[in-house]
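Let me begin by handing over the structure; questions about it come next.
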Amino acid sequence: MKRLLLFVAFIALSTIVRAEMLDYCCRLRDEKGSVVSSATVFVKIGKTDENGCYKINARYNTNLLIEADGYSRTGLVLKADPIQRISPTPTSGKKTILEYPESLKTEFDYPIYVVNGKYISTFKPYNYTDDQIAEVATTKKWNKVTKPIFEGSDIESIDVTKRGVVMVTTKEEVTFNTPKNKIGYTVIVVDKDGKPIEGASIYIRRGKADEVGDLEFSAKAGRRAVITSAKYEDYTFTLTEQREVHIYMTKKPEKGMDVKHMPSFNGGSLSSFRKWFMTYANEELRKCIQDEDTYVVAKFIVGKSGKVVCVEIAKHNNPRAARVVKNTIYRSPQWSPGLEDGKPVNVAYSLPINIAGTAGY
């Protein structure tokens, strides 16, 4: 009887230990013992139901990782939309492009979305159904209606006239998130045919390794965790009561780009475009020189037609230089588009621009 009571007490104690959050430190190394920094750990928080759904209360910019049998792991960053629909890439095929609802299909390839009177840069129309949309209007005009909406953003008249604006009014029950608050999200995971994927595992980011490879986070014992890194294979394991874990990660094999034939500019690559850009924009950029060094990082897409579309400024410390960079990229001559399996595809590029300041002279 006494042994039985001790056994029951041990089970109860184990349950208590497993229920509380424990502090973990994973020390990451490669096969040679070198430090693996900047790796991220994700901890499993649940699975999708028979409708492919998982509900979570989370903040704007929360990172999720989605894992399902027969599909590649897929990352997801929770943004404004209360519903996040995603289709992972099958391990034996290509990822499906999610379909827009009929009410949000427009003639614009990369439109700017204004939802309920506010510019939402992260709005994804395929997250919605027609019964959630009350009204849709489109415009390519920079006027007294559109101009005030984009005050304080990096959207300018050139973006509006080239990309177009879709003005969306949602039904009252659709609530959006902002960087300052936390709401309930519904993550919907579907396959290439739009059918729900039941039992897909959802992981949430818990921490990031520092420069000495230490990855510190809190989680419950018994949870599954996966460590991801750009240059290393994913490492999956189960958390126990052991607080300090030494992990050895394997480097990924070198890979080429997925696009079989990259776009070309004047017979060259991105470096040829950079030469054209610096020649074309040199005079205007010189007018933007300030005391400190100026940097601008622009992102743009070479579309299926070879035209440059959807220019966005990712980082900058000089608004005037940012405008020059954006306007110059929009004026780019025609590219030869990228090809995959003989078909034109969209290809994204990043263009960093640095201008020396006068303080060092």
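The values are calculated or read from the model by the stated rules, or taken from the named source; none is laboratory data. Given the structure is predicted, the values throughout are model-derived calculations rather than measurements. No Cβ is skipped: glycine too gets one built from the backbone with ideal geometry, and neighbour counts run over all protein chains shown.
Of all residues being touching a strand residue (DSSP E or B) at 6+ places or on another chain (Cβ under 9 Å) and not hydrophobic (A, V, I, L, M, F, W, C) in the stretch 130-151, which is nearest to LYS171 (Cα to Cα)? Just the residue, please. Let's see the steps before the verdict.
Of all residues in the stretch 130-151, those touching a strand residue (DSSP E or B) at 6+ places or on another chain (Cβ under 9 Å) come to 132-141, 145-146, 149-150.
Right, trim to not hydrophobic (A, V, I, L, M, F, W, C) and you get 132, 135, 138-141, 146.
Values: GLN132: 5, GLU135: 9, THR138: 18, THR139: 21, LYS140: 24, LYS141: 26, THR146: 22 Å.
Out of the qualifying residues, it is GLN132.
Just checking, how many residues over the stretch 168-213 are under 30 Å from ALA39 (Cβ atoms) and β-branched (Val, Ile, Thr)?
Total meeting the criteria: 11.
Between ILE183, ILE188, which is more than 24 Å from LYS105 (Cβ to Cβ) and in a strand (DSSP E or B)? Walk me through it before giving the result.
Numbers: ILE188 fails: more than 24 Å from LYS105 (Cβ to Cβ).
Of ILE183, ILE188, the one residue that is more than 24 Å from LYS105 (Cβ to Cβ) and in a strand (DSSP E or B) is ILE183.
Every residue, every condition in (1) part of a helix (DSSP H, G or I); (2) touching a Lys or Arg at 6+ places or on another chain (Cβ under 8 Å), yes or no:
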{"position": "SER271", "(1), (2)": "yes, no"}
{"position": "TRP276", "(1), (2)": "yes, no"}
{"position": "GLU283", "(1), (2)": "yes, no"}
{"position": "ASP291", "(1), (2)": "no, no"}
{"position": "TYR349", "(1), (2)": "no, yes"}
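Given the criteria in a loop (DSSP other than H, G, I, E, B), in the same structural domain as ASP49 (by TED's automatic domain parsing) and either farther than 18 Å from LEU76 by Cα or among the hydroxyl-bearing types (Ser, Thr, Tyr) (or both), does VAL245 qualify?
Details: in a loop (DSSP other than H, G, I, E, B): no; in the same structural domain as ASP49 (by TED's automatic domain parsing): yes; either farther than 18 Å from LEU76 by Cα or among the hydroxyl-bearing types (Ser, Thr, Tyr) (or both): yes.
In short, no.
Something else about it: Report, by residue number, each residue of the stretch 110-151 that is under 19 Å from the mean Cα position of the chain (by Cα) and either exposed (fewer than 12 other Cβ atoms within 10 Å of the Cβ) or not aliphatic (A, V, I, L, M) (or both).
The initial filter retains those residues of the stretch 110-151 that are under 19 Å from the mean Cα position of the chain (by Cα), namely 110-113, 119-128.
Listed by number, the residues that qualify are TYR110, PRO111, TYR113, TYR119, SER121, THR122, PHE123, LYS124, PRO125, TYR126, ASN127, TYR128.
Scan the stretch 146-156 for residues that are outside any loop (DSSP other than H, G, I, E, B) and in contact with a Lys or Arg (Cβ under 8 Å, 6 or more places away or on another chain) and report the count.
Step one: list which residues in the stretch 146-156 are outside any loop (DSSP other than H, G, I, E, B), which gives 147-150.
After this cut, where a residue has to be in contact with a Lys or Arg (Cβ under 8 Å, 6 or more places away or on another chain) as well, the list is 149.
Residues flagged as outside any loop (DSSP other than H, G, I, E, B) and in contact with a Lys or Arg (Cβ under 8 Å, 6 or more places away or on another chain) within the stretch 146-156 amount to 1.
I'm trying to understand the selection: among the residues of the stretch 227-245, which are in contact with a strand residue (DSSP E or B) (Cβ under 8 Å, 6 or more places away or on another chain) and within 16 Å of ASP30 (Cα to Cα)?
Here is the first cut: in the stretch 227-245, the residues in contact with a strand residue (DSSP E or B) (Cβ under 8 Å, 6 or more places away or on another chain) are 227-229, 231-239, 241, 243-245.
ILE227, THR228, SER229, LYS231, TYR232, GLU233, ASP234, TYR235, THR236, VAL245, listed by residue number.
Considering the stretch 118-145 alone, what residues qualify as being among the hydroxyl-bearing types (Ser, Thr, Tyr) and not in a helix (DSSP H, G or I)? Even if it seems obvious, please write down each step before you answer.
Let us first name the residues in the stretch 118-145 that are among the hydroxyl-bearing types (Ser, Thr, Tyr), namely 119, 121-122, 126, 128-129, 138-139.
Correct list: TYR119, SER121, THR122, TYR128, THR129, THR138, THR139.
Looking at this structure, is VAL302 on the phi < 0 side of the Ramachandran plot, touching a Pro at 6+ places or on another chain (Cβ under 7 Å) and either of a type in the set (A, V, I, L, M) or at pLDDT below 90 (or both)? Walk me through how you get there before you give the answer.
Numbers: on the phi < 0 side of the Ramachandran plot: yes; touching a Pro at 6+ places or on another chain (Cβ under 7 Å): yes; either of a type in the set (A, V, I, L, M) or at pLDDT below 90 (or both): yes.
Considered against the rule, which asks whether it is on the phi < 0 side of the Ramachandran plot, touching a Pro at 6+ places or on another chain (Cβ under 7 Å) and either of a type in the set (A, V, I, L, M) or at pLDDT below 90 (or both), VAL302 comes out as yes.
Hey, can you tell me all the residues within the stretch 221-238 that are within 27 Å of the chain's Cα centre (by Cα) and more than 17 Å from THR74 (Cα to Cα)? Talk me through it step by step, then tell me what you get.
Step one: of the stretch 221-238, the residues within 27 Å of the chain's Cα centre (by Cα) are 223-238.
Selection gives ARG223, PHE237, THR238.
Cβ-Cβ under 6 Å, sequence separation 6+ or interchain: first residue in the stretch 116-140 and within 20 Å of GLU99 (Cβ to Cβ) and touching a residue at least 40 places away in the same chain (Cβ under 8 Å), partner of a type in the set (Asp, Glu) and part of a helix (DSSP H, G or I). Which pairs?
none
Pick out the one residue from GLY207, GLY194 that is part of a strand (DSSP E or B) and not aromatic (Phe, Trp, Tyr).
Details: GLY194 fails: part of a strand (DSSP E or B).
Selected residue: GLY207, the only one of GLY207, GLY194 that is part of a strand (DSSP E or B) and not aromatic (Phe, Trp, Tyr).
Of all residues being under 22 Å from THR89 (Cβ atoms) and acidic (Asp, Glu) in the stretch 210-269, which is surrounded by the fewest Cβ atoms within 10 Å (Cβ to Cβ)? Just the residue, please.
GLU254
Anything in the stretch 312-361 that is under 18 Å from LYS162 (Cβ atoms) and among the aromatic types (Phe, Trp, Tyr)? List them, or say none.
Correct list: TYR330, TRP335, TYR349.
Quick one: in the stretch 45-64, of everything that is aliphatic (A, V, I, L, M) and in contact with a Leu (Cβ under 7 Å, 6 or more places away or on another chain), which residue is farthest from LYS195 (Cα to Cα)?
Within the stretch 45-64, the first condition is being aliphatic (A, V, I, L, M), and the residues that meet it are 45, 56, 58, 64.
Now drop any that are not in contact with a Leu (Cβ under 7 Å, 6 or more places away or on another chain), which leaves 58, 64.
Numbers: ALA58: 25, LEU64: 21 Å.
In this case the residue turns out to be ALA58.
Conditions tested, residue by residue: (1) at pLDDT below 90; (2) farther than 20 Å from ASP154 by Cα.
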{"residue": "LYS260", "(1), (2)": "yes, yes"}
{"residue": "THR279", "(1), (2)": "no, yes"}
{"residue": "GLU292", "(1), (2)": "yes, yes"}
{"residue": "VAL296", "(1), (2)": "no, no"}
{"residue": "GLY306", "(1), (2)": "no, yes"}
{"residue": "VAL311", "(1), (2)": "no, no"}
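Right, something else. Kindly provide the set of residues from the stretch 50-103 that are hydrophobic (A, V, I, L, M, F, W, C) and assigned to a strand (DSSP E or B), ordered by number. Break it down stepwise before answering.
Quick first cut of the stretch 50-103, residues hydrophobic (A, V, I, L, M, F, W, C) only: 53, 56, 58, 64-66, 68, 76-78, 80, 83, 86, 97-98.
CYS53, ILE56, ALA58, LEU64, LEU65, ILE66, LEU76, VAL77, ILE83, ILE86 - these are the residues of the stretch 50-103 that are hydrophobic (A, V, I, L, M, F, W, C) and assigned to a strand (DSSP E or B).
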